[in-house]
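The values are calculated or read from the model by the stated rules, or taken from the named source; none is laboratory data. From a predicted model like this one, the values you see are computed outputs, not experimental measurements. Note: accessible area is taken over every heavy atom of the protein model, side chains too, but ligands, DNA and RNA are not part of it. Shrake-Rupley method; radii C 1.70, N 1.55, O 1.52, S 1.80 Å.
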Amino acid sequence: MTTDITLALPEEAAAKLRSEFEHFVKLSTGLDSEFSPPSFDDFLRARLLQHDGPLTERAVTRLLSGGEYAWAKRVFNKQLPNAMATLMRDAQRFGYGLATRYEWTPQERLAHARDWSRQILEDAGADLAFIELLASQLATSAVDIRALEEQMQTPAWRVAESLRRRVYDLMYMVQTERIAGTARSRLGELRAVVALAMDYGTVSAEEAARVMEQVEQTCPHLFSEEPNDLLARVAAWLRRVLVQ
């Protein structure tokens, strides 16, 4: 059952209500250009009943479902993986970089990228359907930490590079040293530096093997065992003195 009510208001009160209605419409359409405002009669009825809920719920429903917020959310969901790819692609131009652990296989890199992508999308409230796309962008954009250090020439890379140079300096010293004792000492240092260079990744296992093989071919006597008894040591020393 409905009842028609006719209101007789002073011009000042009617103008105030009309102004409030226009302000409400302006505010609502400012948030969402496609918002459909209520009629002035609905607005006046809500004011009389002191119940603004229906208007608010209608505005919020419209805003979330079909207005600028929904458009922005769709754009965000669609563009987030592309935005991440652009971010990482341009990072190096501005002195940034995304690195991965050097020991990860491609499969491990992608698996960790999936876990990270899920966390990013969940925290952002985005569509989880984009996990694979975002994970692929992360996995392909990231580089080995050692490659990134070389590009940025970090202190760690400088140390690693100096170790590599030291390997070849020591190799030359061992091969050209005429005093056997000093050469053996250099050989021990060479072995230690080669091991460090391998740990830093600047010398591969194959390269290290080639270095040691070349030294052994050039100086085979350095790889033979030293005599243990005193007389043998004296005889070896005399031979070295006479040869020199």
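So the values come out like this:
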read-out: Percent of Cα pairs exceeding the 20 Å cut-off, where the set is segment 110-203; value: 58 percent
read-out: With every protein chain in place, segment 82-164: carbon and sulfur % of accessible area (1.4 Å); value: 54 percent
read-out: Potential lengthening between E216 and M152 on full extension [0.36 nm per residue; Cα-Cα distance subtracted]; value: 19.4 nm
